[in-house]
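Throughout, read-outs are computed from the coordinates displayed, never taken from laboratory work. Everything numeric in this text was worked out from a predicted model, so none of it was measured. Note: ideal-geometry Cβ built from the backbone for every residue, glycine included; neighbour counts use all protein chains shown.
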Amino acid sequence: MARKDFLDIASLTREEVDHLLDQATPFKELFTRSVKKVPALKGKSVLTLFYEPSTRTHSSFEVAAKRLSADVIDLDVPHSSAVKGETVKDTVDTLQAMRADYIVVRHKMSGLPQAIARQTKASVINAGDGAHAHPTQALLDAFTLKEVFPSPAGKKVLIVGDILHSRVARSTSNLFLKLGVEVGFLGPGSLVPKLGPAGITRFTDFEEALKWGPDVVYLLRVQMERQDVPSFPGLQEYHRVYGVTQERFKQIQGEGTYIMHPGPVNRGVELCHEVMDYEHSLINQQVENGIAARMAVLYWLKPGTSEGEPQHETD
Amino acid sequence: MNAAAIGEAVATLVEKICATARRERVAIVGIRSRGDEVAERVCAALSKEGIEHDYGMIDISLYRDDLSHLAENPKLQSSEITFQMDGAHIILIDDVLFTGRTIRAALDALTDYGRPARIQLAILIDRGHREIPIQPDYVGATLETARMDHVLVRLKNTDGEDAVELVTNS
């Protein structure tokens with residue numbers, strides 16, 4: 001059942017999803033011990049290759065790998081050969097020669113992790129590719145959801161923001177749908193895809209969306225670097241129309257609705273600062289669960305194998 | 001071995017452990033899976049004798065020395081250690097003792113929770129053929145086996161019945 005790569009949510013079976021979600025729990029339990037590290041990946045190397053800026057996902061992978069005793073090598077892309085014109089393929093060949101067991105990659109180009117995975121024996125983990133997928137984020141989100149709702153089928157999750165350009169929205173909604181969760185999208189009409197998986201309810205008005213009765217409001221981060229996207233409202237305008245304002249927060253608090261956000265939060269944009277201390281805010285829990293979920297993925301994958309084939313002794 | 005023989009082996013183990021547990025407070029820790037079930041039975045017997053003790057269980061999958069040789073990593077189960085490990089007197093329990101590698105892994109796992117005062121080892125069935133220098137302090141029964149034999153232990157809560165089967169590979 002083990003796979004070589006972890007590239008997207010769409011190709012995972014329900015059984016694999018359940019297995020990974022189930023495995024994240026014992027990993028999280030390790031965090032309360034005096035020694036948080038286990039020797040499972042001792043002697044293995046994990047290379048992180050981030051072509052796009054990231055602090056949270058990057059450090060989460062690093063902590064996860066280190067808690068499994070793997071050696072972590074960060075290829076400092078902005079300062080490395082990438083700026084000297086080396087192609088991604090050449091970089092991967094170099095990494096192959098360095099005998100990396102796992103490669104964690106983030107790139108603005110959709111599909112790049114898949115391309116790398118075909119070229120290398122190492123296990124490739126997609127840490128976000130363009131607007132395509134961010135599968136470990138989806139996994140930690142589902143794990144967090146299951147901590148508050150052990151049987152999440154039938155629960156309602158409202159995802160708010162620029163759905164169209166969000167790999168988080170794509171992967172997380174995909175995984176939630178696999179678990180039988182009802183998903184709603186709320187955002188500017190031009191930024192909520194008309195097509196897409198069945199079973200999604202679309203909203204353009206926050207008040208109307210709250211009447212739908214979501215159990216969780218999942219706020220997407222406003223990507224400041226994408227501010228040049230036409231049809232994206234200004235930040236104050238965004239907060240007023242799609243943000244959790246103080247007024248909406250009162251309603252959310254009254255209903256006991258949970259709040260999720262992939263981080264890092266832009267206070268005063270996606271949400272007002274009161275939300276950060278809200279007892280039903282799951283944002284910090286998501287950070288901790290991210291480490292556990294990524295440990296579960298690293299432990300599950302088997303480098304040096306072709307998909308579906310039994311492993312051969314490689315060295 | 002049938003259910004009666006397993007019952008006797010548990011009774012032997014309990015008798016020996018009781019002697020220690022009457023002198024000082026012990027923490028019984030079972031290795032998942034099946035070691036935890038043996039540990040539960042020992043704990044039930046200790047409670048029946050009115051002997052207070054702590055109880056826990058550990059999964060040692062993350063500490064195995066053969067993970068890179070497996071096509072698939074073993075499914076991880078929860079560990080439950082709720083007592084204070086520092087200064088505890090641990091009696092570690094497993095169903096079968098063979099090469100000793102599982103126990104080596106368990107010792108590493110236990111000490112990552114803290115620094116116990118002492119760890120002792122209790123085994124339901126010792127089948128011999130150690131590959132590392134680990135010996136039990138308490139043994140329920142010993143079984144003569146060849147190196148390549150398989151000892152299949154089935155316990156009621158885990159497998160639906162109490163039985164030990166020796167499958168010879170000769």
Cα-Cα over 27 Å, subset of A:4/A:66; A:4/A:194; A:146/B:75; A:36/A:156; A:44/A:178; A:4/A:108:
A:4/A:194; A:36/A:156; A:44/A:178
So what's the angle, to the nearest 10 degrees on a 0 to 90 scale, between helix A:14-29 and the longest Cα principal axis of chain A?
90 degrees
Mind checking region A:256-288 for GluC sites (Glu not before Pro) that DSSP puts in a loop (not H, G, I, E or B) and that have at most 13 other Cβ atoms within 10 Å?
A:279
Among beta bridges assigned by DSSP with both residues in region B:1-148, the antiparallel ones amount in percent, to the nearest 5, to 5 percent
Suppose the chain between residue B:11 and residue B:75 were pulled fully straight at 0.36 nm per residue; how much longer would it get relative to their current alpha carbon spacing?
19.9 nm
Give me the distance in nm between label points sitting 7 Å out from Cα along the Cα-to-Cβ direction at residue B:23 and residue A:224, one decimal.
6.7 nm
Rg from C-alpha atoms of region B:2-50, normalised by the globular rule of thumb 2.2 N^0.38 Å, equals 1.12
On a full-extension model of 0.36 nm per residue, what is the gain between residue B:132 and residue B:117, subtracting their alpha-carbon distance, rounded to one decimal in nm?
3.2 nm
Calculate the FRET efficiency for residue B:168 and residue A:153 from the Cβ-Cβ distance with a Förster distance of 56 Å, rounded to the nearest 0.05.
0.70
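For the protein assembly as shown, what percent of Cα pairs sit more than 40 Å apart?
That tail contains 34 percent of the Cα-Cα pairs.
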Per residue of A:37-46, count partner chain C-beta atoms within 10 Å of its C-beta, then hand back the mean as an integer.
4
Scattering profile of region A:135-282 at q = 0.15, 0.16, 0.19 Å⁻¹ [log10 I(q)/I(0), Debye over alpha-carbon scatterers]:
-0.69, -0.80, -1.18
Per 10 Å bin from zero, what fraction in whole % of the C-alpha pairs of region A:84-216 is there, up to the bin with the longest pair?
12, 35, 27, 16, 8, 1
The percentage of Cα-Cα pairs in region A:1-100 separated by more than 23 Å is 41 percent
Helix A:135-148: angle to the longest alpha-carbon principal axis of chain A, degrees 0 to 90, nearest 10?
60 degrees
Would you kindly give the portion of the calculated P(r) for region B:3-167 that falls above 26 Å, as a percent of all Cα pairs?
23 percent
Ranked highest first by the average count of other Cβ atoms within 10 Å around their residues, in what order do A:150-157, B:148-155, B:105-112, B:57-64 fall?
B:57-64, B:105-112, B:148-155, A:150-157
With Cα atoms, 0 to 90° folded angle of helix A:283-300 axis to chain A main axis
30 degrees
Each residue of A:291-301 has, on average, a number of other protein chain C-beta atoms within 10 Å of its C-beta equal to 1
Shielding of B:67-75 by partners, i.e. mean partner chain Cβ atoms within 10 Å per residue?
6
